[in-house]
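Reading through the structure tokens given below for one structure.
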Amino acid sequence: MHEAILPAISGPADIKKLSSGKLRRLAGEIRDRLISTVSRTGGHLAPNLGVVELTIALHWLLDCPNDKIIWDVGHQSYVHKLLTGRERDFSTLRTLDGISGFPKRCESQYDCFGTGHSSTSISAGLGMALARDLNGQKHHVVAVIGDGSLTGGLAYEALNYAGHLGIRLLVILNDNEMSIARNVGAMSQYLGKLRADPTYNRLRGEIEGLLRRIPAIGGSVVSTAEKIGEGIRHVVLPGGLFEELGFSYVGPVDGHDIDDLLSIIGNSLKMPGPVLLHVATRKGRGYRPAEEKADTFHGIGPFCVESGKVLGGGGSPSYTAVFSDVITAIGALDRDVVAITAAMPEGTGLKQFAQAFPQRFFDVGIAEQQALTMAAGLAAAGKKPVVAVYSTFAQRGYDQIVHDICLQNLPVTIALDRAGVVGEDGPTHHGVFDLSYLRHIPNVTIMAPRDENELRHMMFTAVQLGGPAVVRYPRGRGPGVRPDSELRRIPVGKAEVLRPIRPLTVLAVGDMVRQAATACDLLAEQGIEAGLVDMRFVKPIDRQLLAGDLAGCRRLVTVEDNVLAGGFGSAVLEVLADEQLAIPVLRLGWPDEFIVQGSRDQLFNRYQLDAAAIARRIAAWYVSGPVC
């Protein structure tokens with residue numbers, strides 16, 4: 001029985017002492033630790049199982065933190081964390097006050113760049129390499145990027161400029177043939193051809209070796225043999241994309257053979273200029289359920305290790321599932337409705353639509369900007385596109401929403417999933433900014449449902465509007481409201497009074513209507529009666545209600561699952577100011593800071609936005625002084 005290796009690893013220096021045999025044993029221990037921890041905390045299991053040997057090899061070869069590793073997206077950095085002094089804290093992964101599921105600069109000196117969205121690593125690495133050269137330093141900069149992230153335009157912009165500069169930079173392409181869902185597009189097909197025919201580098205190396213053996217002139221012949229190299233590349237491979245961009249291409253390499261990785265990465269680090277090392281890995285490697293269902297285990301909740309089955313479940317359907325059903329129903333009613341996703345057909349609920357209407361479904365890969373402008377083009381040509389995207393990722397296409405959709409007043413519907421706090425993935429994934437960054441854009445209509453039934457009617461309304469529309473809804477399950485038998489249009493910009501308006505009235509939007517309703521019940525137990533309004537529309541906001549029926553209120557409270565700065569509460573204040581109504585307003589929402597990780601319930605509790613805290617805060621404010 002061998003003594004465990006992983007507990008003795010306090011940093012990369014300890015890895016360098018291990019033989020290749022012990023490195024392979026360490027890989028097995030790491031996989032066991034990943035599986036056991038993620039089965040309890042949830043997280044990105046399959047991506048991390050696929051990069052175990054690659055991460056070990058990098059830390060064996062590099063001198064981190066002096067050398068820099070940037071992990072694209074960052075959800076495959078768990079192994080990196082285990083090897084850089086966080087093994088003892090790894091059980092706190094993605095929990096409240098625990099270690100992050102992504103690289104985080106304030107968490108460790110080994111996390112040189114914070115990541116959470118895709119396609120950023122090459123740009124960040126290029127910046128670090130430029131700073132290194134400006135400072136006269138010599139350390140290595142390595143960007144690890146997945147093949148799915150290469151569908152993001154930012155990656156190409158960085159590749160293009162790095163090749164232009166000829167800067168010393170190692171880009172490792174972790175090619176597992178998947179991002180979250182199966183990869184799509186020309187790049188995926190191109191990489192598939194490279195994987196299928198790895199003979200180019202071997203053949204080119206053999207020819208160069210033969211040429212160098214020519215007495216006296218061998219070196220000169222090699223240095224002037226670019227045309228030979230070009231010919232080999234175009235005969236043996238279907239194009240030399242990366243070399244055309246100015247990179248030396250190496251690979252494909254088996255990403256699970258530690259000995260090969262140590263040798264080839266070591267040689268790649270010695271090469272001048274930018275190098276792209278193509279490493280082939282298998283997502284979910286070493287755990288059969290994750291290998292067989294890599295998309296399911298990309299990001300997963302707690303699960304049973306023996307069976308691979310996700311724990312929990314049951315109850316009312318999720319908002320995503322309700323969206324899935326209603327967009328498919330709308331698609332059946334209107335042949336002009338088309339649906340678009342950026343590499344997340346299952347996560348956004350569009351898989352059902354894709355199966356029902358394959359000719360009207362488009363997966364553009366991890367390319368939110370492309371998805372939104374393509375939707376604008378479809379709308380300009382008479383179609384009714386629905387783009388389903390997580391709130392945090394919609395940020396990546398902000399200019400496209402402004403310039404290509406709203407400026408032209410095109411009928412594009414954005415189904416904004418995971419709006420508000422999302423939980424354990426933390427600040428890179430919380431969708432708490434969308435009301436603030438969307439509501440000031442002209443022409444857009446913004447809706448937020450309080451339950452599943454309202455989501456169905458809002459989607460139906462949005463598709464019929466004839467202009468830009470956003471329907472934002474949270475992660476998780478709804479309250480279990482039974483759906484109406486028929487879809488109907490909601491009057492645009494009209495709120496719904498749920499409890500009679502009183503001197504103290506609560507205005508809530510979206511999922512926070514439920515919290516506000518419970519808070520009103522708790523206030524009533526204290527003898528404080530409060531009215532309740534589901535505002536439904538953040539834009540156009542119900543000015544008639546605010547300036548009319550609510551004008552006689554003595555105090556108003558706004559509640560939202562968005563940052564307070566520029567959000568729904570700010571919209572209410574703007575109307576009151578415009579109407580010169582001096583009504584005191586208590587705004588409840590997320591503070592002006594990046595919200596930490598933790599379960600949704602934990603976060604609502606910590607930030608005093610659960611029903612009990614809302615009631616306490618309203619009561620304290622209501623009785624704190626004279627009412628104007």
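Values in this text are rule-based calculations from the coordinates and carry no lab data. All of these numbers come straight from a predicted model, not from anything done at the bench. All Cβ positions, glycine included, derive from the backbone under ideal geometry; neighbour counts span all protein chains shown.
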- Express in nm, to one decimal, how much length is gained between I501 and D549 on full extension, taking 0.36 nm for each residue of separation and deducting their alpha carbon distance. 16.5 nm
- Task: Please report the base-10 log of the normalised intensity I(q)/I(0) for segment 486-628, using a Debye sum with one equal scatterer per alpha carbon and no solvent, at each q in 0.13 (1/Å).
- Result: -0.55
- Item | Whole-percent pair-distance distribution, where bins are 10 Å wide, for the alpha carbons of segment 298-393 | 15, 42, 28, 12, 3, 0
- lysines with Cα under 21 Å of K17, excluding same-chain neighbours fewer than 8 positions away: K68, K81
- Task: Would you mind checking the tilt of helix 186-196 against the longest principal axis of the Cα atoms of the chain, expressed as 0 to 90 degrees and rounded to 10?
- Result: 30 degrees
- Item | Under the Karplus curve 6.51 cos²θ - 1.76 cosθ + 1.60, θ = phi - 60°, whole-Hz ³J(HN,Hα) for segment 311-328, x wherever Gly or Pro sits | 7, x, x, x, x, 5, x, 6, 4, 4, 5, 5, 4, 4, 5, 6, 5, 5
- Query: Kirkwood Rh over Cα pairs of segment 319-472 into Stokes-Einstein at 37 °C, 0.692 mPa s: D in µm²/s?
  - Reply: 219 µm²/s
- Sorted from fewest to most neighbouring beta carbons within 10 Å, what does the list C106, C304, C64 look like? C106, C304, C64
- Message: Charges on Cβ only, +1 for Lys and Arg, -1 for Asp and Glu, centred on the Cα centroid of the chain; of M128, N174, H403, which one is farthest towards the dipole's positive end?
- Response: N174
- Just grab the label-to-label distance for D14 and S316, each label 7 Å out from Cα along the Cβ direction, in nm (one decimal). 4.8 nm
- Message: Please compute the volume of the convex hull spanned by the alpha-carbon atoms of segment 48-191 and report it per residue in Å³.
- Response: 114 Å³
- Query: Which three lengths, in whole Å and largest first, does segment 554-628 cover when its Cα atoms are put on their principal axes?
  - Reply: 41, 26, 15
- Difference of contour (0.36 nm per residue) and Cα-Cα distance, K22 to S91: 22.5 nm
- Message: Output wanted: per-residue J couplings in Hz (rounded whole) for segment 415-423, from phi through Karplus 6.51 cos²θ - 1.76 cosθ + 1.60, θ = phi - 60°, x for Gly and Pro.
- Response: 8, 9, 7, 6, 6, x, 6, 9, x
- Task: Scan around G431 for amide H atoms under 5 Å from its own, H built in the peptide plane at 1.01 Å from N, and keep only partners 5 or more places away or cross-chain.
- Result: G420, V421, V422
- For segment 47-124, Kirkwood radius (reciprocal of mean inverse C-alpha pair distance, Å): 12.6 Å
- Return the Cα extents of segment 393-432 along principal axes one, two and three, sorted largest first, each rounded to a whole Å. 37, 16, 10
- Query: Among R536, R88, R555, which comes first, second and so on when ranked by fewest other beta-carbon atoms within 10 Å?
  - Reply: R88, R555, R536
- What nm value, rounded to one decimal, do you get for the distance between A332 and A524 when each label is placed 7 Å out toward the C-beta? 3.9 nm
- Between L498 and residues 5 or more places away or on another chain, which pairs have amide H atoms under 5 Å apart, with H built 1.01 Å from N, and which residues are they? L532, V533, D534
- Message: Quick check on the exposure proxy: order L93, L410 from fewest to most C-beta atoms within 10 angstrom.
- Response: L410, L93
- So what's the back-of-envelope 222 nm ellipticity for the chain, counting only DSSP H runs of four-plus at -39500 (n - 2.57) apiece and dividing by all residues, rounded to 500? -11000 deg cm²/dmol
- Item | Rg to Rh quotient for segment 126-175, alpha carbon positions, Kirkwood Rh | 0.99
- Would you please give the residues with an amide H less than 5 Å from that of K539, counting only those at least 5 places away or on a separate chain, with H modeled from the backbone geometry? I446
- Message: As I understand it, the dipole of the chain uses +1 on the Cβ of Lys and Arg and -1 on the Cβ of Asp and Glu, about the Cα centre. Which of L82, W71, I300 lies farthest toward its positive end?
- Response: L82
- Here D for segment 7-102, in µm²/s, from Stokes-Einstein with a Kirkwood Rh over Cα pairs at 10 °C and 1.306 mPa s, works out to 118 µm²/s
- Query: From the phi of every residue in segment 477-490, what ³J(HN,Hα) in whole Hz does the Karplus formula 6.51 cos²θ - 1.76 cosθ + 1.60 yield, where θ is phi - 60° and glycine or proline is x?
  - Reply: 8, x, x, x, 6, 5, x, 5, 6, 10, 7, 9, 7, 9
